[in-house]
Amino acid sequence: MARNPIELPKDEQPTGPSREDEILMREIDEAVRQDDAAQFFKKYGAALGGAFAVLLVAMFGYWYWDSTREAELERQSEAIISALDSVDANDFAGASEKVAGLVEDGSPGARTVARFLQAGAALEQGETARAVELYAAVVADTDAPQPLRDLALIREVSANFDDREPADIIAKLGPLAVPGNEFFGSAGELVAIAHLEAGDRDRAGALFAEIAKDEDMPETLRSRARQMAGLLGVDAIEDVEQLLEEEGGLPGEGALPAALPQ
C-alpha cells in the first residue's frame, strides 16, 4: 500500500530550488559552457591562431617598414644637405658625387633634387651637354613633381639656347609661355626671343608686352620686357605715372622723359 506524501501547509511549501539545486545548476551550466568553448576552439582555433599570427607579422612589418623608411629619408636628406654645403664651398664635383646614389635609388623627390644639383654642377664645370642630359631626365621622369619637370624643361632649353632652332624652342616652351602659368615669365621671355630670331617681330613684341604688364612678374623682368617691347614698337606701358614712381619718382610739372610720348 503506497504511502501518501506528507502535505505541508501552503505557506511552508518551497517556493524555488534549494541551495544545493542552484549549485548543481551552476556546475552544469559551467560544464556546458566549457564544452561549448572546447568545441569552438577545436573547430576555429587553428584559423584564429593563424589570423592572430598574421596580425602580429603585419604589425611588425609595418613598424619595420616605417622605421626603415624614416631612416632612409633621413639618409637622403643628409646627402642633399652635404651636397649643398659642397656647392657653397664651390666644390661642384664633390656635390655631384655626394648625390650620385640618390639618382639611382632615391625617392622621386630626392632623385629630382639630386639631378638638379648634378646639372647645376655640370654647368659650373662647363659640361653643358651633361647638364642638358640631366635636365632632360627630370622632364622624362613621370614620378617627379610636375612643377619641377616644367622648371627642368626651361633649364634644359636655356642651357643650350643658342644651339637650338627657334621652332624647337617655341614648341617646347610654348605651353608654359602663357599668362597665369607659374613659369610664364621665364618661359615667355625665351619664347619671345625665339620668335624674334625667327623673324616674327609682332609675336615677339606682343609677348614681351604681356610679360611687362603682368604685375606678378619680378620688376627686373618686367622692365627688361618693357624695353624689348618698346624696341619692337609695342606700347607696354599702361600707367605712365605709376611707372615713373617705380623708376625714381615723378618729374616736375610739365616735364616728361624724352623716351615717353609728349
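Every number in this text was worked out from the coordinates using simple rules, so none of it is lab data. On a predicted model such as this, the values are computed, not experimentally measured, just so you know.
Overall form of the stretch 77-153: oblate. Here a/c, set by the Cα gyration tensor axes a ≥ b ≥ c, is 1.5 or more, and a/b is not larger than b/c. Shown in residue order for the stretch 119-136 are the 3J(HN,Hα) couplings computed by the Karplus curve 6.51 cos²θ - 1.76 cosθ + 1.60 at θ = phi - 60°: 5, x, 5, 5, 5, 5, 9, x, 9, 4, 4, 5, 4, 4, 4, 5, 5, 5 Hz (x for Gly and Pro). Averaging Cα coordinates gives a centre for the stretch 140-163 and one for the stretch 99-124; these two points are 14 Å apart.
Scalar couplings 3J(HN,Hα) for the stretch 173-184, obtained by applying the Karplus form with A = 6.51, B = -1.76, C = 1.60 to θ = phi - 60°, are 9, x, x, 8, 8, 10, x, x, 6, 5, 10, 4 Hz; x denotes Gly and Pro.
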